[in-house]
1. Sort out which residues of the stretch 31-60 are open to solvent by 20 Å² or more (accessible area, probe 1.4 Å) and either among the hydrophobic types (A, V, I, L, M, F, W, C) or free of Cβ contacts under 8 Å to residues at least 24 places away in the same chain (or both), and write them in order of number.
2. With respect to Thr438, determine if the residue is surrounded by 16 or more Cβ atoms within 10 Å (Cβ to Cβ) and in contact with a Phe, Trp or Tyr (Cβ under 6 Å, 6 or more places away or on another chain).
3. Considering Thr112, Thr196, which residue is in contact with a strand residue (DSSP E or B) (Cβ under 7 Å, 6 or more places away or on another chain), open to solvent by 40 Å² or more (accessible area, probe 1.4 Å) and closer than 30 Å to Ala36 by Cα?
4. Please give the number of the condition Thr374 fails out of (1) at pLDDT 95 or above; (2) more than 16 Å from Ile435 (Cα to Cα).
5. Residue check, Thr100 against (1) in contact (Cβ under 8 Å) with a residue 12 or more places away in the chain; (2) not in a strand (DSSP E or B), all met but one. Which one?
6. Could you please give the count of residues in the stretch 476-494 that are within 28 Å of Gln315 (Cα to Cα) and open to solvent by 50 Å² or more (accessible area, probe 1.4 Å)?
7. Quick one: in the stretch 423-481, which of the residues that are assigned to a loop (DSSP other than H, G, I, E, B), β-branched (Val, Ile, Thr) and farther than 22 Å from His44 by Cα is farthest from the chain's Cα centre (by Cα)?
8. Which of the residues that make up the stretch 167-201 are of a type outside the set (Val, Ile, Thr), under 29 Å from Thr56 (Cα atoms) and assigned to a loop (DSSP other than H, G, I, E, B)?
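The values are calculated or read from the model by the stated rules, or taken from the named source; none is laboratory data. Given the structure is predicted, the values throughout are model-derived calculations rather than measurements. In this analysis, Cβ positions are derived from the backbone assuming ideal geometry, glycine residues included, and neighbour counts consider all displayed protein chains. SASA here: full protein model, heavy atoms, side chains in, ligands and nucleic acids out. Shrake-Rupley method; radii C 1.70, N 1.55, O 1.52, S 1.80 Å.
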Amino acid sequence: MTRFLTAASAAAFLLVAGAASAQDFRQLAQTDLQAAHDALRDNHPAAVVPGAAGDTFRTWLGSGLADARGRTGQVNSGDAHAYLMRYYAAGFRDSNIAITPTFEGMGPYFGTSWPGVATGWRNGRYEVTYVKAGVRNAPRIGDVVVSCNLTPIEDFARSKLDKWEGNLETEAGRVTSAPYLLWNRNNPFAGGVPSTCEFQRGRGRPRAVELRPVPIVAGDLEAAYRATVYMPPATPLAVETVDGRPWVHVHSFADSAGWNAFNSQVEAQAAALRGPQGFVLDLRAAAGSSDYTSTARGYGLANRIWTPEFTVSRQPAAGEITYRATQGNRDWYAATLGRMQADPRFVQESTPVIEQTQEIVAAFDAALAAGQQTFTLPGRAAVADTGAVNPVQGPVVVLVDAGCSGGCLDTLDLLTRLPNVRIAGSTTATDSIFIEPTVERLPSNYSDISYGHKAWTSRQRGNNQPFTPAAGLAYAGNPADEAAVRTWVGTLFQ
């Protein structure tokens, strides 16, 4: 599925933001919320395609707008504007709906104050995962957070994190947002560092700990987050040898990740990957954007290892795809088609995709001329088994985590249908059946909205259904301890 990112420089934003008043940001938030609502109402398929998958969309579209507009009085900065936009988008519980800043703002390691402590989501609980050296009277690593500010921790986490930092209805959302439980991220809607929290050690009685902000030294928050959540390396695509077998790293589906060189590397080592010793395909944190489709990146990798002749009959059938017939959605396809045709490599490797996109644009034109709200096209049909022999002789472990999202999930739809492939690690992110986002700039120029413009109603993987490793393949250790992860993965080949 497609992912786009746009950005303006942080310096340019600061120059503009410095001249804006709190009232300006409140008005900008009001305008952007209404524009986002209208774009979704007018173009999103869930508004007109019946079914349970769209129930939350149809409810939140209006109620969420009222909820968010009621909070605009607290929008006093660019960060506050970004948080409120994120809140409205996240309320749809659809990872393919997002409102993201166009300026360089908060990254994963951002905070304005913290108590020197980070927490992680472990075994269904918030546990202390990092304590800065020298912090006095701090909880210990492994302690479980019971409450904060006299509020049960589940309720506290919901108010502090849900929709603001992640979707707490999902395991992945819990994992990626957990480090921020006790931090001040400059979100005026959620409060800062709690004054007191209760921590439990083992079966002992909970102990109240007064939390006091400590000075932030450069690198503090990054160290704390990296000690809690797996973060991809600087080189996201690579092949190395670990314990005598290939380890294929795919930690991004972004166009900028270096796919041409990586694909050549995979092709050069295809014989080793197909050997009896097996290999690891590491898809942890495999997110990112692609101008066309990140799914094609994953399928292209699978074809280079297993060959197209072997994978073709195992690729999941697309079934029927329902398109919301609007001029905006039609224009997205026309623009995407133009980029495809201007890319010589894509023309060489993906001519069928170009032909299919041309057919879709023609179908949009016909539906719009007929005044239809939607139209349905058959997707890729199932292909009979070609009888090709599996070229991969050994077992394959596909390592995933909460960062596996978007095209990573579509790639798993294929990989799980291949023989001798096991999914290991931890639960992935989720995605809805409303796919292939359109991206539009909101009126303030501070945010972009992205949303799926077609419905994959016949997708075999259910709406918002993650991949969860089976018993014996779930990693229970520290995901940030790379040595421990590799040792554990090695046991899966014994």
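1. Across the stretch 31-60, the qualifying residues are Ala35, Asp38, Arg41, Ala47, Val48, Pro50, Ala52, Ala53, Asp55, Arg58, Thr59, Trp60.
2. So Thr438 passes the test.
3. Being in contact with a strand residue (DSSP E or B) (Cβ under 7 Å, 6 or more places away or on another chain), open to solvent by 40 Å² or more (accessible area, probe 1.4 Å) and closer than 30 Å to Ala36 by Cα holds for just one of Thr112, Thr196, which is Thr112.
4. For Thr374, the failing item is (2).
5. For Thr100, the exception is condition (2).
6. 0
7. Per the stated criteria, the residue is Thr468.
8. The answer is Asn167, Leu168, Glu169, Leu181, Arg185, Asn186, Asn187, Pro188, Phe189, Ala190, Gly191.
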